[in-house]
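Nothing in this text is a laboratory measurement; each read-out follows from the coordinates by a stated rule. Because the structure is a prediction, the values reported are computed rather than measured. Please note: Cβ atoms are built from the backbone with ideal geometry, for glycine as well, and neighbour counts cover all protein chains shown.
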Amino acid sequence: MIAQNVAFWIFAGVIAVGAIRVVTTRNLVHAVLFLIAVLLGTAAEFFLLGGEFVGWVQVLIYVGAIAVLFIFGIIVTRAPMTPGEYDNDQRLAAVLAALLLFGVLTLMLVDAFGDKEIKLADDLLAVGRTGTVGDSIFRTFVVPFEVVSMLLLAALVGAVAIARRD
């Protein structure tokens, strides 16, 4: 259990540093690479918590598809690859809003759980397993799953058509 806690905090640190670097770096490609580090760290957290399906979805969809889409968007829009001046004068407001959000979330979690030890029941752990989620998607929700896949395919075709108009 101690090793799991240590790994959790290591991944949490990677996620926090990566997230800060995403919004502070001046190079767009570096920002996408830091975003990939954040997404991989989040997937590792899901693996640690026993949600391997959500972890693999995180890796395949967010790291494998969304990050590639961001890089594709940078290339298609011919964004400058050199560091630029993307700063504005709202840093203080952003820091205050982030601290306020952090404080509110911390107070809510402390109020809700306090000193309670949270234990997951075996049947609750089974809900996040790959087999359970696969049964749910491909038996119970097969029609909505296919509708969403067709909608995403139409969006992809539309994005390619818009990108190729130049």
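Given Cα pairs under 8 Å that are at least 6 residues apart, what percent is the relative contact order of the chain? Relative contact order here is 20 percent.
Labels on offer are (1) 13.6; (2) 11.4; (3) 7.8, and the one holding mean projected area of the Cα convex hull in nm² computed from this structure is (1). Residues of the stretch 53-70 with amide nitrogen under 20 Å from the 7 Å Cα-to-Cβ point of M150? Those under the cut-off are none; the list is empty.
For n ≥ 4 DSSP H runs only, could you compute -39500 (n - 2.57) per run for the chain, divide by its residues and tell me the 222 nm figure to the nearest 500?
Details: 8 runs with 117 residues, N = 166.
Computed ellipticity for the chain at 222 nm equals -23000 deg cm²/dmol.
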